[in-house]
Amino acid sequence: MSFKAIILAAGKGTRFKSDIPKVLHEVLGKPMLWYVVKAAKEAGAEEFIVVVGYKREMVEAFLRSEFPEVRVVYQERQLGTGHAVMCAKELLANYKGKLVVLNGDTPLIEPEEIKRISEVNADMVVLTGSVDDPSGYGRVIRNGGEILYIVEEKDATDEEKGVKEVNAGIYAFDSRKLFEALSNINNRNAQGEYYLPDVLKVFKKRSWSVVPLV
């Protein structure tokens, strides 16, 4: 199944305590972003759109040298992952296919995983995993096999923080439904940001199919 990929690479990475954009920090001699774009390419993405922001010139220069075919959009203000994806809406105005959303700071993502998530027949696919220490991750709240919602740690109750299933931050969407859902989320949360996982509530409200993939 053909798909296009959006890679989120706008963040500063304050926890790194560095002026270098987070996605350009190196792992085994290559920037983290290199591994993500390479994986999307090997998975068969027909187009790559990278959302840049903090020190965009550095990230764009890297992309031009390594992946000149990549298209770049600028997130002028870092208002959350949902807002970052919306920055690519204009480039995808005439696209009606599958869209995979990846994070530029996940160098361990494998092409096979991207391909697997792109091939699931659903309006929204969420990659999840269970970890012993879920601190810092968004929690996946279920009722049996059904995902009810995803809550960021800063907005979670103590009970929700006890959940060990976490959101990997990797998704596949029907592109048209994604952008419609993004126009219906808000930033009423602890960080005042537009969270991409909040589109799940819109998908469920409209009875669009949502599939968790572990």
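General observations
- Calculated accessible area for region 129-214 comes out at 52 Å² per residue, all protein chains present (probe 1.4 Å; ligands, DNA, RNA ignored).
- Residues of region 141-161 with amide N under 20 Å of a point placed 7 Å along Cα→Cβ from LYS201: 141-144, 146-161
- Placing R0 at 41 angstrom, the Cβ-Cβ distance between VAL214 and ARG64 gives a FRET efficiency of 0.65 after rounding to 0.05.
- Within a straight-line Cα-Cα reach of under 16 Å, LYS115 can be paired with the following aspartates and glutamates, leaving aside sequence neighbours fewer than 8 residues apart in one chain: GLU42, GLU46, GLU47, ASP123, ASP174.
- In order through region 144-154: 3J(HN,Hα) via Karplus (6.51 cos²θ - 1.76 cosθ + 1.60), integer Hz, x for Gly, Pro: x, x, 8, 6, 8, 5, 10, 10, 5, 4, 5
- Ordering 166-177, 75-86, 150-161 by mean Cβ neighbour count within 10 Å, with the highest value first, yields 166-177, 75-86, 150-161.
- The residues packed around ARG188, meaning those with a beta-carbon under 15 Å from its beta-carbon, carry a net charge of -2 if Lys and Arg are +1 and Asp and Glu are -1.
- Judged by the ratio a/c of the largest to the smallest principal axis of the C-alpha gyration tensor, region 55-98 counts as oblate, that ratio being 1.5 or greater while a/b is no larger than b/c.
- Mean separation of Cα pairs under 8 Å and 6 or more residues apart, divided by the residue count, gives region 91-214 a relative contact order of 35 percent.
- Close amide H pairs (under 5 Å, H built 1.01 Å from N) link GLY44 with no residue at least 5 positions away or on another chain.
- Carbon + sulfur, % of accessible area of the chain - ligands and nucleic acids excluded, 1.4 Å: 47 percent
- Taking other residues whose beta carbon is less than 9 angstrom from the beta carbon of TYR54, and scoring Lys, Arg as +1 and Asp, Glu as -1, yields +4.
- Region 152-214 and region 76-145 have Cα centres spaced 10 Å apart.
- Global form of region 1-105, assessed from the alpha-carbon gyration tensor, a/c cut-off 1.5: oblate
- Local charge for ALA122 was computed over the other residues whose Cβ lies under 11 Å away, with Lys and Arg +1 and Asp and Glu -1, and equals -1.
- Contact order normalised by residue count of region 1-110, Cα under 8 Å, 6+ apart, percent: 43 percent
- Cα shape, region 116-214, gyration tensor, a/c 1.5 rule: oblate
The values are calculated or read from the model by the stated rules, or taken from the named source; none is laboratory data. Remember, it's a predicted structure, so these values are computed and weren't measured experimentally. Glycine also receives a Cβ, built like all others from the backbone with ideal geometry; neighbour counts cover every protein chain displayed. Remember, those area values only see protein heavy atoms, side chains included, never the ligands or the DNA or RNA. Shrake-Rupley method; radii C 1.70, N 1.55, O 1.52, S 1.80 Å.
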